[in-house]
């Protein structure tokens, strides 16, 4: 009768009558959280997307001494039993039904069952039933898998500290090694952590970890896996860590990996698999192959860091003793109220004035600097908000114009302190004169103008009452230097970024046709471009992502290519679940594209981007356009070459913080240097095969009738020292939302004084 009862009990367990039991199929394909890995086009791991940082391994990747350490410590009869160790069974049962120690006794197979199907919060009676279930699962695992497969699966499912899951991830995290290269003491350290991952964490509790490691080494000696001499030598050694926190978080292209995470999360939610399953990028162990080139990404990060570390000093010095928020207290308080410290105090029920008093008290803290990294200082949280709002930020993107592959993506100055991404399509900033090539391309295409077509360099007024302009008051733009006269060619006007010429072209074309050109060139339909004449000076707010993509047609015979950042995605079994291919669209004729190439090259040779030649020593076929917005809040440069184009924006997140002189705040000073440094590094790396002397593709049989050499056309003003600030006079169009700024008198100290 007793045996019959026990038999029925296990039958009920097996068929799920006493609670859910995993099926054989679930045992063969258990769901475990596995990190998705993001790879560059040249095979370098850019970062990982995970809830649990788990990277699986096969048994043949495990060194023998790691397996031996596990067996000696956790289950010395592993190769002799079939999932349950009879000798430990009675000790475990006695522990369950008494107040004494429940004891060990769990085999590796039983522990794997627990790892694969966690217990959750259960009471003592449920725990007894659950333990019996794990016995059954362990037996099923032994029948379905080999001993080697069970060992590998166990090592893949165990949890360590520091967000490392699985022994492969742990080996990289603590020792920065592949599994095969682990020494015997290192293997013993990792196995020792399994008893209590935090308690025996060698980074946090080195002495306890060493003591536990020596216990494991003692077990290995006891069961003959190491000799007495080896044991005595090993226990004398200290644990030497090479803690690799970068393996746990994104270390290369962090803004890009973060954007990729959000993009794929949204994509897979709206694109379920054929079986209806929603791919989980955090736990499904995907391999995401991107278009990023790891060398170019590193060069882009270096270029941004080198320029910003120097130019940040210029901005701090520029504002020394003055306050950008003078007379705009409400604007500054918005920054205070989104700080984590303010929100914590607000959650405690404090009033704003009480919070402000607390925030103004100096405390010890660490702050980030471009020049010195992270430093210790004493500063009030109030001033730290002010300090970080004074930092220059950048967005930089490089892509291949022939296929749209994005090669580098720098979304900000430093990801640890500034996580906001300034590249992606959702981040818009006013573009200034990098807009003007859209206008010129439209004029050449629609009006048949050649680069040598002359336009008067004089002011023009857009008057209210004309339905084409939709203006509430008259509007007339002026040139940056206030210089007028003569009739420059289109080529000369673009090189010097003359606002008056842009205004006259807009007067001839009208906003609607220019906006249509922009849409064809890839400016997203969600980007607002108001149909007002002021857009000719770059008043629309557009992302770096869109602007770089739009310039691809100028470099690629009039063919626009959508920017691409993923080529394919594989699931954990190597099946391709996502593929992406270039999307081509002819938006300009080859003749117009060639004319724009020539005009953009003239901007570099004789216009506002000349410093690429003399400051960075860049020769060859380079075209580009600088851009500076009103009040110098945004500096831009977008440059094209036959094989690679790139765009850069620089500015502060709060537009009140900006240079108050165009000489310092122009795109040629703020953004162009990052582009120049990047292309200097790229062109010097011959393995990248970026030849700046390569010619753009020409359609010579058509261009014979188009006059490109405009040197015989002279005009009254031959040089402009500064870039192209979009200023207005008289009155403003109703769409112009630029701020007017007061004088600044309050003090703000330079970072070096903290």
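The values are calculated or read from the model by the stated rules, or taken from the named source; none is laboratory data. What you are looking at is a predicted structure, and each value in this text was computed from that prediction instead of being measured. Cβ coordinates were reconstructed from backbone atoms using ideal geometry, including for glycine residues, and neighbour counts include every protein chain displayed.
Just checking, which of 254, 202 is over 30 Å from residue 427 (Cβ atoms) and surrounded by 16 or more Cβ atoms within 10 Å (Cβ to Cβ)? Break it down into steps so the answer makes sense when it comes.
Details: 254 fails: over 30 Å from residue 427 (Cβ atoms).
Residue meeting the stated conditions: 202.
Condition test on residue 738, is it part of a loop (DSSP other than H, G, I, E, B), surrounded by 15 or more Cβ atoms within 10 Å (Cβ to Cβ), at pLDDT below 90 and not assigned by TED's automatic domain parsing to the domain that holds residue 492? Lay out the reasoning, then the answer.
Numbers: part of a loop (DSSP other than H, G, I, E, B): yes; surrounded by 15 or more Cβ atoms within 10 Å (Cβ to Cβ): yes; at pLDDT below 90: yes; not assigned by TED's automatic domain parsing to the domain that holds residue 492: yes.
Taking the combined requirement at face value, the residue satisfies it.
Condition check ((1) modelled with pLDDT of 75 or more; (2) surrounded by fewer than 19 Cβ atoms within 10 Å (Cβ to Cβ); (3) over 26 Å from residue 146 (Cβ atoms); (4) not assigned by TED's automatic domain parsing to the domain that holds residue 180) across all residues:
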site	(1), (2), (3), (4)
46	yes, no, yes, yes
58	yes, yes, no, no
71	yes, no, no, no
80	yes, yes, no, no
86	no, yes, no, no
91	no, yes, yes, no
102	no, yes, yes, no
116	no, no, no, no
125	no, yes, yes, no
Quiz item: What number of residues in the range 428-456 are under 22 Å from residue 394 (Cβ atoms) and not in a helix (DSSP H, G or I)?
Solution: 4
Quiz item: Does residue 503 qualify as being in contact with a strand residue (DSSP E or B) (Cβ under 9 Å, 6 or more places away or on another chain), part of a helix (DSSP H, G or I) and buried (at least 23 other Cβ atoms within 10 Å of the Cβ)?
Solution: yes
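If we scan the range 251-266, do we find a residue that is in a helix (DSSP H, G or I), outside the structural domain of residue 414 (by TED's automatic domain parsing) and touching a helix residue (DSSP H, G or I) at 6+ places or on another chain (Cβ under 9 Å)? Talk me through it step by step, then tell me what you get.
Keep residues of the range 251-266 that are in a helix (DSSP H, G or I), which gives 254-266.
Applying the additional criterion that residues be outside the structural domain of residue 414 (by TED's automatic domain parsing) yields 254-266.
Adding the requirement that they be touching a helix residue (DSSP H, G or I) at 6+ places or on another chain (Cβ under 9 Å) leaves 256.
There is at least one residue in the range 251-266 that is in a helix (DSSP H, G or I), outside the structural domain of residue 414 (by TED's automatic domain parsing) and touching a helix residue (DSSP H, G or I) at 6+ places or on another chain (Cβ under 9 Å).
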Quiz item: Taking residue 522, is it over 25 Å from residue 611 (Cβ atoms), part of a loop (DSSP other than H, G, I, E, B) and touching a residue at least 40 places away in the same chain (Cβ under 8 Å)?
Solution: yes
Exercise. Consider residue 396 carefully, then state whether it is part of a loop (DSSP other than H, G, I, E, B) and either in contact with a strand residue (DSSP E or B) (Cβ under 9 Å, 6 or more places away or on another chain) or not assigned by TED's automatic domain parsing to the domain that holds residue 695 (or both).
Key: no
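Here is a yes/no grid of residues against (1) crowded, with 23+ Cβ neighbours inside 10 Å; (2) free of Cβ contacts under 8 Å to residues at least 24 places away in the same chain; (3) more than 26 Å from residue 696 (Cα to Cα):
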| position | (1), (2), (3) |
| --- | --- |
| 387 | no, no, yes |
| 394 | yes, no, yes |
| 398 | yes, no, no |
| 404 | yes, no, no |
| 407 | yes, no, no |
| 410 | yes, no, yes |
| 422 | yes, no, yes |
| 433 | yes, no, no |
| 440 | yes, no, no |
Exercise. Can you confirm whether the range 314-323 contains a residue that is in contact with a strand residue (DSSP E or B) (Cβ under 7 Å, 6 or more places away or on another chain) and outside the structural domain of residue 669 (by TED's automatic domain parsing)?
Key: yes
Practice problem: Go through (1) touching a residue at least 60 places away in the same chain (Cβ under 8 Å); (2) crowded, with 19+ Cβ neighbours inside 10 Å; (3) in contact with a strand residue (DSSP E or B) (Cβ under 9 Å, 6 or more places away or on another chain); (4) over 18 Å from residue 627 (Cα atoms) and name the single condition residue 455 misses. | Solution: (1)
Quiz prompt | Residue list for the range 632-651, restricted to those being closer than 17 Å to residue 389 by Cα and surrounded by fewer than 24 Cβ atoms within 10 Å (Cβ to Cβ) | solution = 633
Quiz item: Looking at residue 273, is it farther than 16 Å from residue 72 by Cα and exposed (fewer than 14 other Cβ atoms within 10 Å of the Cβ)?
Solution: yes
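Scan 241, 190 and give me the residue that is touching a helix residue (DSSP H, G or I) at 6+ places or on another chain (Cβ under 8 Å), in contact (Cβ under 8 Å) with a residue 12 or more places away in the chain, in a loop (DSSP other than H, G, I, E, B) and not assigned by TED's automatic domain parsing to the domain that holds residue 684. Spell out how you get there, then give the answer.
Working: 190 fails: in a loop (DSSP other than H, G, I, E, B).
That would be 241, the only listed residue that is touching a helix residue (DSSP H, G or I) at 6+ places or on another chain (Cβ under 8 Å), in contact (Cβ under 8 Å) with a residue 12 or more places away in the chain, in a loop (DSSP other than H, G, I, E, B) and not assigned by TED's automatic domain parsing to the domain that holds residue 684.
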Exercise. Could you list, in sequence order, all residues of the range 218-231 that are part of a helix (DSSP H, G or I), touching a helix residue (DSSP H, G or I) at 6+ places or on another chain (Cβ under 6 Å) and either without any contact (Cβ under 8 Å) to a residue 40 or more places away in the chain or surrounded by fewer than 18 Cβ atoms within 10 Å (Cβ to Cβ) (or both)?
Key: 221, 231
Quiz prompt | Search result, residues across the range 158-169 that are surrounded by 22 or more Cβ atoms within 10 Å (Cβ to Cβ) and not in a loop (DSSP other than H, G, I, E, B) | solution = 164, 165, 167, 169
Quiz item: Considering the range 154-167 alone, what residues qualify as being out of contact with any strand residue (DSSP E or B) (no Cβ under 6 Å at 6 or more places or on another chain) and modelled with pLDDT of 85 or more?
Solution: 154, 155, 156, 158, 160, 167
Quiz prompt | Residue selected from the range 319-334 under the condition surrounded by fewer than 16 Cβ atoms within 10 Å (Cβ to Cβ) and assigned to a helix (DSSP H, G or I), by the criterion nearest to the chain's Cα centre (by Cα) | solution = 334
Exercise. Out of the residues in the range 468-481 that are under 41 Å from the mean Cα position of the chain (by Cα) and in a loop (DSSP other than H, G, I, E, B), state the one that is nearest to residue 506 (Cα to Cα).
Key: 469
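Is it true that some residue in the range 496-509 is more than 15 Å from residue 435 (Cβ to Cβ) and in contact with a helix residue (DSSP H, G or I) (Cβ under 8 Å, 6 or more places away or on another chain)? Working first, answer last.
Taking the range 496-509 as the starting set, the residues that turn out to be more than 15 Å from residue 435 (Cβ to Cβ) are 496, 500, 504, 507-508.
Remaining after also requiring in contact with a helix residue (DSSP H, G or I) (Cβ under 8 Å, 6 or more places away or on another chain): 507-508.
Scanning the range 496-509 turns up at least one residue that is more than 15 Å from residue 435 (Cβ to Cβ) and in contact with a helix residue (DSSP H, G or I) (Cβ under 8 Å, 6 or more places away or on another chain).
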Quiz prompt | Selected residue (only one of 549, 623, 522 is in the same structural domain as residue 423 (by TED's automatic domain parsing) and either more than 19 Å from residue 424 (Cα to Cα) or surrounded by fewer than 19 Cβ atoms within 10 Å (Cβ to Cβ) (or both)) | solution = 623
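Considering only the range 529-538, I want to know if a residue exists there that is within 30 Å of residue 478 (Cβ to Cβ), free of Cβ contacts under 8 Å to residues at least 60 places away in the same chain and part of a loop (DSSP other than H, G, I, E, B). Steps first, please.
Of all residues in the range 529-538, those within 30 Å of residue 478 (Cβ to Cβ) come to 529-538.
Subsequent filtering for residues that are free of Cβ contacts under 8 Å to residues at least 60 places away in the same chain retains 529.
Okay, now just the ones that are also part of a loop (DSSP other than H, G, I, E, B), so 529.
Yes, that holds for at least one residue.
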Exercise. Please tell me if residue 361 is at pLDDT 90 or above and in a loop (DSSP other than H, G, I, E, B).
Key: yes
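State yes or no: is residue 555 buried (at least 21 other Cβ atoms within 10 Å of the Cβ), in contact with a strand residue (DSSP E or B) (Cβ under 6 Å, 6 or more places away or on another chain) and closer than 24 Å to residue 467 by Cβ?
Here the answer is no, as residue 555 does not meet what is asked.
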